[in-house]
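Worksheet for the structure shown next.
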Amino acid sequence: MKQFLSVNDVADPMELVQKALACKKSPFDDPCGVHKTLGLLFFSPSLRTRMSSQVAAQNLGMNVITMNVQNEGWPLELNENVIMDGAESEHIKEAAKVLSQYCDIIGIRSFAEMVSYEADATDQLIKQFAKYSLNPVVSLESTLLHPLQSLSDLMTIESHKKVRRPKVVMTWAPHPKALPQAVANSFAQWMNRCNVDFTITNPPGLDLPSQFTQKAAVIHDQDEALEEADFVYAKSWSAGSTYGKPMKGFESWMITSKKMDLTNKAYFMHCLPVRRNVVVQDEVLDSPSSLILEQANNRTFAAQAVLKSLI
Amino acid sequence: MKQFLSVNDVADPMELVQKALACKKSPFDDPCGVHKTLGLLFFSPSLRTRMSSQVAAQNLGMNVITMNVQNEGWPLELNENVIMDGAESEHIKEAAKVLSQYCDIIGIRSFAEMVSYEADATDQLIKQFAKYSLNPVVSLESTLLHPLQSLSDLMTIESHKKVRRPKVVMTWAPHPKALPQAVANSFAQWMNRCNVDFTITNPPGLDLPSQFTQKAAVIHDQDEALEEADFVYAKSWSAGSTYGKPMKGFESWMITSKKMDLTNKAYFMHCLPVRRNVVVQDEVLDSPSSLILEQANNRTFAAQAVLKSLI
Amino acid sequence: MKQFLSVNDVADPMELVQKALACKKSPFDDPCGVHKTLGLLFFSPSLRTRMSSQVAAQNLGMNVITMNVQNEGWPLELNENVIMDGAESEHIKEAAKVLSQYCDIIGIRSFAEMVSYEADATDQLIKQFAKYSLNPVVSLESTLLHPLQSLSDLMTIESHKKVRRPKVVMTWAPHPKALPQAVANSFAQWMNRCNVDFTITNPPGLDLPSQFTQKAAVIHDQDEALEEADFVYAKSWSAGSTYGKPMKGFESWMITSKKMDLTNKAYFMHCLPVRRNVVVQDEVLDSPSSLILEQANNRTFAAQAVLKSLI
């Protein structure tokens, strides 16, 4: 593996899942990171990703350097052939090359601006950084994708599936804010590479880009989609002509225990942070079938498997 | 010890002091923290606590992850059964459980809002976090208490006392701002568990809550209180009906060398940061009887003893 | 070496360069920093310095604690005998003593306020900190000087010079903002201690303070200065009666490939971050004679040599 920006960088997703589950079993077995440095660059806030990536690296014996670029650094110029007399004081060309000289692996967290899908869809920051970096780049969530989250999700499904080919339903959920597509796009991409029966359900007009959903069934009737589900993955996202605008009037899409009754005693999944009683009812979140804590915990070992593969 | 939120979590304070003094003597003797991670969550600024806790953990071989939650994370919901459609994007229930999966011990620094004593007195953030955390929580100063500071103070007194039962006087001090009670409440709690003759002196109307001062003598005449003191501990705090409001007209409560003359050649103590020539005169602070640097230095070994007890 | 605030703290600059080049060759050879802590205090943003200093310390086995004093701490009082009833909540006397108890070496990054040269020229923050610190202080760039950058620059020149005594030309460059003199003053100071033919060129009225330039030739005709240069070091700075004000109308001072043709096939140098097509043309920056990445990479080993010398 040369970089980890999406599932497309992974030859065999299930092999990576097994590697991650092995890390979970014996986290300190392989100090392959000694005398190596992981640089973590955050262009937006992060809690789980920040902590789990650090623990993952330290489990391997790596040193970790964390930078909050927004308040500890300065704005970067992303365009070529520019006369840089504005606010940007450094070109990403220099920033990427210089920082990758200091770090053996670089993790980058960017975030959608949520104004125009066309602008966000370029995913320019991480792509440009990876282009100029002299060392491997790992996505800690980009504008469009969140592969470390998806790898953790897949580990979780693999650990709990009761049939060879479980039905996995990703459902859109209400949220007071317009949220990025990264988690949802990435989950779709990974599911499409796995042996699962994958269905997406969302209100009309909120379909995710087909480059990510591909062959997945997209159903606009949530109840129908949930039937016989083994795993229900809830997530809010913004899409289509309302991109960047909060969606009102879709409260009925919240996952309730009544809706979970439509499923095949499905497990509930969410990437966190989650808005209680907006995205999902307390009683679903606090039930034994909720896998949210395990998903979060798996983040460490997903990151550890990726770092191992890159070292 | 299962957590460290106050002296009430400590079976024998003097035993913990001896443990801390032993750490000070040989800081690198016991690498019991190898492959363990300390997470430090700051909800308010910190200098001494931040640095001393990191050094303490590293002395034990622990990894440390520091998070400034206010600018690197997001606001947490503290109440139960809430429809989370406001500013808070994550419930403390998830945050505490998730972060404590990543960290073997979690330190938390919260801070009083200084608007209403009733609101601050709930000390909700650290209590809720400790309730949901899957691993031990250490107070790095909460709204009401600062036990790591008190343990350092007690180490300092123990190292310098000339009689078996010294007289320790904690005196209120002037300050341009209304300050929290955490250091003062906590110092009172610890003194009440020790073999010292403990007196508190403050202007009328500024008595600390009796749940913390308990059996301590509270005297409103500073000169009378200082008589025969072996240790003078100065600290400003806000209390009573003026809670949250700066106190003007109490400049005469500043500790001067003339006031120190009333004592039994007492040592001067303060937790820092200190306002020179407002709380205490330069000549007292810079005199050989000032213990402020030793108090600050002891913070490392107080934290180290607590971490050792929790591992 | 007792501290590293300028070249004046260095007995033999070329010996330090050799030490740094040896660190570059074998970074992990000498774990002399085990059980030692480097504290990095940032009073202004930093990317290269922050990362390279951490890597340097970790190469030696040191622990590193980073503090962004502006958002994680509080303002410090720098003056003596003050009644501290204003915004500053701690005197540098206590801050320096306390923090240096926690850290074996302290690095400090301050920054010019760019309002009055007289005020900036006192370089008060780092000088006061070094005065009160109980342990060695390293400049990570002060108001007036940036010695770690200069040491990296000298390493780079030493690695590429083709004659015993190369001609080194430092040229002023246009920039949309008024910039500090730290890099330029420091480069001049170090060049004056080396066996190079050193020339400075800048528009009239922008001469650097003579205490730093000393015996160096200062030429106001850029083309004349560039003749026969082996190394061209571009940097913008503010000086003289326009101190703190952006300079308009000096676009012709940008380094172009046409100007590089005047030299003796000179290498191009810059400390970064650099404004492309304002300070220097893309084609110069991206040419094989550009040493900017090597300068940045050498920062790690410059810092490592300094830390080794101080331990």
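Here is how the numbers come out for the structure above:
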{"item": "Longest to shortest principal axis, alpha-carbon extents of the stretch A:69-110, angstrom", "result": "31, 22, 16"}
{"item": "Rg in Å to one decimal, and Dmax rounded to a whole Å, for the stretch A:1-55 via C-alpha atoms", "result": "13.3, 33"}
{"item": "FRET E, pair B:GLU227, C:ALA119, Förster distance 60 Å, beta-carbon r, rounded to 0.05", "result": "0.80"}
{"item": "Against the rule of thumb 2.2 N^0.38 Å, how large the Cα Rg of chain A comes out", "result": "1.00"}
{"item": "Karplus 3J(HN,Hα) series, Hz, for the stretch A:279-294 with 6.51 cos²θ - 1.76 cosθ + 1.60 (x for Gly, Pro)", "result": "7, 7, 6, 3, 5, 6, 4, 8, 7, x, 8, 7, 9, 4, 5, 5"}
{"item": "Largest-first principal axis extents of the Cα set of the protein assembly as shown (Å)", "result": "84, 83, 47"}
{"item": "Under the Karplus curve 6.51 cos²θ - 1.76 cosθ + 1.60, θ = phi - 60°, whole-Hz ³J(HN,Hα) for the stretch B:25-42, x wherever Gly or Pro sits", "result": "5, 9, x, 10, 5, 10, x, 6, x, 4, 6, 10, 10, 9, x, 10, 10, 9"}
{"item": "Long-range tail of P(r) for the stretch A:110-178 (Cα pairs > 15 Å, %)", "result": "68 percent"}
{"item": "Label-zone membership for the stretch B:133-151, site B:GLN211, 7 angstrom Cα→C-beta point, backbone N under 15 Å", "result": "B:142-146"}
{"item": "Gyration tensor over alpha-carbon atoms, the stretch C:153-296, equivalent ellipsoid semi-axes in Å", "result": "21, 18, 14"}
{"item": "Cα coordinate range in the stretch C:1-140, projected on the principal axes (Å, largest first)", "result": "52, 31, 26"}
{"item": "Two-decimal Rg to Rh for the stretch C:116-223 - Kirkwood Rh, Cα set", "result": "0.99"}
{"item": "Amide N of the stretch A:155-195 lying under 17 Å from the label point, which is placed 7 angstrom from the Cα of A:LYS248 along Cα→Cβ", "result": "A:174-179"}
{"item": "21 Å Cα-Cα threshold exceeded, pairs from C:LYS235/C:LYS259; B:LYS19/B:LYS265; A:LYS131/A:LYS245; B:LYS177/B:LYS248; C:LYS25/C:LYS167", "result": "B:LYS19/B:LYS265; A:LYS131/A:LYS245; C:LYS25/C:LYS167"}
{"item": "Distance between modelled label sites at A:GLU80 and C:SER241, nm, 7 Å Cα→Cβ extension", "result": "4.6 nm"}
{"item": "Area projected by the alpha carbon convex hull of the stretch C:179-244, averaged over all directions, nm²", "result": "4.3 nm²"}
{"item": "Label geometry 7 Å along the beta-carbon vector: C:ARG193 inter-copy distances in nm", "result": "5.3, 5.3"}
{"item": "Shielding of B:81-92 by partner chains, average beta-carbon count, 10 Å", "result": "5"}
{"item": "Estimated dipole of the stretch C:153-296 in Debye, rounded to 20 [Cβ of Lys and Arg +1, of Asp and Glu -1, Cα centre]", "result": "340 debye"}
{"item": "Those trypsin sites (Lys or Arg not before Pro) in the stretch C:252-301 that DSSP places in a loop and that have at most 10 other beta carbons within 10 Å", "result": "C:LYS265"}
{"item": "³J(HN,Hα) computed for each position of the stretch B:184-189 - Karplus, 6.51 cos²θ - 1.76 cosθ + 1.60, integer Hz, glycine/proline x", "result": "5, 4, 5, 4, 4, 4"}
{"item": "All aspartates and glutamates inside 16 Å of A:LYS97 as judged from Cα atoms, apart from same-chain residues fewer than 8 positions distant", "result": "A:GLU77, A:GLU80, C:ASP282, C:ASP286, C:GLU294"}
{"item": "Surrounding net charge for C:VAL82, when Lys and Arg each add one and Asp and Glu each subtract one, Cβ distance under 10 Å", "result": "-3"}
{"item": "Chain B: calculated mean residue ellipticity at 222 nm from DSSP helix runs of at least 4, using -39500 (n - 2.57)", "result": "-10000 deg cm²/dmol"}
{"item": "For q = 0.12, 0.18, 0.20 Å⁻¹, Debye-computed log10 I/I(0) when each Cα of the stretch B:208-268 counts as one equal scatterer", "result": "-0.36, -0.79, -0.94"}
{"item": "Debye intensity ratio in log₁₀ form over the Cα atoms of the stretch A:246-311, taken at each q of 0.11, 0.12, 0.17, 0.18 Å⁻¹", "result": "-0.36, -0.42, -0.69, -0.73"}
{"item": "Estimated translational D of the stretch A:162-201 in µm²/s (Stokes, Kirkwood radius over Cα pairs; 25 °C; 0.890 mPa s)", "result": "216 µm²/s"}
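Throughout, read-outs are computed from the coordinates displayed, never taken from laboratory work. Every value quoted in this text rests on a predicted model; they were computed, and no experiment measured them. Using ideal geometry, Cβ is built from the backbone for each residue, glycine included, and neighbour counts are taken over all protein chains shown.
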